[in-house]
Amino acid sequence: MCIVPFFITLAQERNGAMREKYYILTNNPMVAGKLSEDHKVVFMELSFEEILKEARSRIHSGQSLLTHPLSGSVKPNETPYKSLLIGEAKPTTEELAFTLELIETAIAACGKFRAKGDKYAQDFQLIDYTLIKSAVESADMGI
Amino acid sequence: MRLEMGHIYIRDIQFAAESKIADGVLYVSEEALKAVVLEDEKLKSVSFDIAKPGESVRITPVKDVIEPRVKVEGRGGQFPGVIAKVDTVGEGKTYALKGMAVVTAGKIVGFQEGIIDMTGPGADYTPFSQTLNLVMVAEPVEGLKQHDYEAAVRFAGFRVAVYVGELARELTPDEVKVYETPTMMEGLKLYPDLPRVAYVQMLQSQGLLHDTYVYGVDAKKILPTILNPTETMDGAIVSGNCVSACDKNPTYVHQNNPVVEDLFAQHGKTLNFVCQIITNENVYLADKMRSSDWTAKICKMLDLDGVIVSQEGFGNPDTDLIMNCKKIEAEGVKTVIITDEYAGRDGKSQSLADADVAANAVVTGGNANEVVILPKLDKVIGTLDYVNKIAGASEDTLRPDGSLEVELQVITGATNETGFLKLSAR
């Protein structure tokens, strides 16, 4: 596991003016490379399933899940990459229950699909990048 | 709004020096088609092929399937906001070339899918094994980004469909069908005792190879809105998505949506088909909240008695599906939802990523994880280079004897969630 603090520090200051503080939790180096200039990115070298479990831990510790963990039709384990938006504000009880269910279901779904190699790593990274970028664009428009 | 659909049946496609339709045969100039595609400087080269039902041909990776149509009377043209100028379509007269399709194929990304087999067991799972397919494989100029390549192929497919459709402009249709929806007030007066029913169509809207466009607008950016169902018959909604291929709606499905067709068949008899409501399936949870709130609000404002909700895709959209279902039911409007299942290869896993007691009327398109063996076919249009990487495939997908062991996911339209599919429980 490796956290790249550079991305975090760089973006923390710029994030200050945003209406809801959020950061991108990802194991996708393309997301870290392309989005860290304008956004706070926490990059961790984890598997698909591990990054979902990391998100779950962060939800349990009082942060909010802002994107769907099963985004994209490239299935869990078929792509090695996953990016999620995590809000730093504490969720309501209702939001907490809803997002915990989403993340638990996503973790459970990991066993349903067969793992693949990384021959097309760049393409998998690109799809994950476009999925999370669509969410970032929504997040930057409002809360 | 009243649309007259003229059907012109195509029974063969042949390459010829001159493009024309005569006696049900589409003669098409390959050179003219190439010129239509290569007017976009982002595309370096293109090849065309014809695949006919029953031939030992496999088309892969398929990107989109489009039915050629031409607007002969009324406002606007085919694919408004994309090919034709923006104008409200869905009224007047449109001709469709039935029994054929334009299929765009080729690699955008390395793990892309889907498969159309024209014969064998695979043909039993895709509706597009039954159409005469004019297949286009376009190559990008060097260094073109995947986003731009995807858009270039998408637009080229529509231009080819419009070129072919125009050949029918002066023909007399073999069959004419009329589709008409009254205004809200007229509908109330005409059918005071019939239940008011609408169709809620959920559109893929997540990112590259997961997008849909409405009058040229990226569906991620729309708020739920209402359409006359005939608008989609003139190409108001077009596909920009193809993974997983089994439960994505190619443009052909939007043009020929069976939910719309069946609701029209009952319109004025057992129900009043009020309108089509479209909504999206975004990644951002607040977008899901907003869109499902709006969809339910529109259902309430229209005083609907019931809706049919169709999903596109799985996983992330399962959440939108259930949110829509719960919120619409909470407004006192009955729902029937159409989905498909990812229940594992043995069919024993949880089928959907979300569920609720309000979802008590569910139609399924089948289990996308079901394994099928597709025998080697004589000819491949496109390439098998990526077949091990398509969704539902694995490293041992391509077997030594040339056959493929795949899940239904890879087959274009196999578990389609509008009912445009060949699987049935009957």
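Any read-out appearing in this document is the output of simple, stated calculations on the displayed coordinates, not a laboratory observation. These numbers come from a predicted model, not from an experiment. A quick note on method: Cβ atoms are made from the backbone with ideal geometry, for glycine too, and the neighbour counts reach across all protein chains shown.
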Fraction of beta bridges assigned by DSSP in chain B that are antiparallel (%, nearest 5) | 45
Under the rule rounded for a/c under 1.5, else prolate if a/b exceeds b/c, else oblate, using alpha carbon gyration tensor axes a ≥ b ≥ c, the protein assembly as shown is classed as oblate
Would you mind checking the pairs B:Lys221/B:Lys327; B:Lys20/B:Lys98; B:Lys93/B:Lys189; A:Lys133/B:Lys288 and listing those with alpha carbons more than 19 angstrom apart?
-> B:Lys221/B:Lys327; B:Lys93/B:Lys189
Counting other Cβ atoms within 10 Å, which trypsin sites (Lys or Arg not before Pro) in segment B:1-65 have at most 15 and lie in a DSSP loop?
-> B:Arg11
With x for Gly and Pro, the residue-by-residue ³J(HN,Hα) of segment B:175-184, computed from phi through the Karplus equation 6.51 cos²θ - 1.76 cosθ + 1.60 at θ = phi - 60° and given in whole Hz, is 8, 10, 10, 10, 10, 9, 10, x, 6, 4
Which order results if B:Met202, A:Met141, B:Met323 are arranged by neighbouring Cβ count within 10 Å, fewest first?
-> A:Met141, B:Met323, B:Met202
Interchain or long-range residues, amide H under 5 Å from B:Tyr9's placed H = B:Lys98, B:Asp174
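Taking beta carbons within 10 Å but only from partner chains, what does the mean come to for residues B:310-321?
Per residue, the number of nearby Cβ atoms from other chains is 4 on average.
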So how do B:Lys145, B:Lys422, B:Lys248 line up by other beta-carbon neighbours within 10 Å, fewest first?
-> B:Lys145, B:Lys422, B:Lys248
For segment B:147-197: rounded, prolate or oblate by the Cα gyration tensor [a/c cutoff 1.5] | oblate
List, in order, the whole-Hz ³J(HN,Hα) value for each residue of segment B:63-75 obtained from phi through the Karplus relation with A = 6.51, B = -1.76, C = 1.60 and θ = phi - 60°; use x for Gly and Pro.
-> 9, 8, 10, 9, 9, x, 9, 9, 8, 9, 8, x, 6
Can you put B:Ile83, B:Ile237 in order of Cβ neighbours within 10 angstrom, beginning with the fewest?
-> B:Ile83, B:Ile237
Which value, in Å³ per residue, describes the convex hull spanned by the Cα atoms of chain B?
-> 139
Residue-wise, which Karplus ³J(HN,Hα) couplings in Hz belong to segment B:11-22, taking 6.51 cos²θ - 1.76 cosθ + 1.60, θ = phi - 60°, and x for glycine or proline?
-> 10, 7, 10, 9, 6, 8, 5, 10, 7, 6, 10, 9
What residue among B:Gly216, B:Gly90, B:Gly110 shows peak mean-square fluctuation when chain B is described by a Gaussian network model with Cα springs under 10 Å?
-> B:Gly110
What average count of beta carbons from other chains do you get within 10 Å of the Cβ of residues in A:134-140?
-> 6
Shielding of B:199-212 by other chains, given as the mean Cβ count within 10 Å, works out to 4
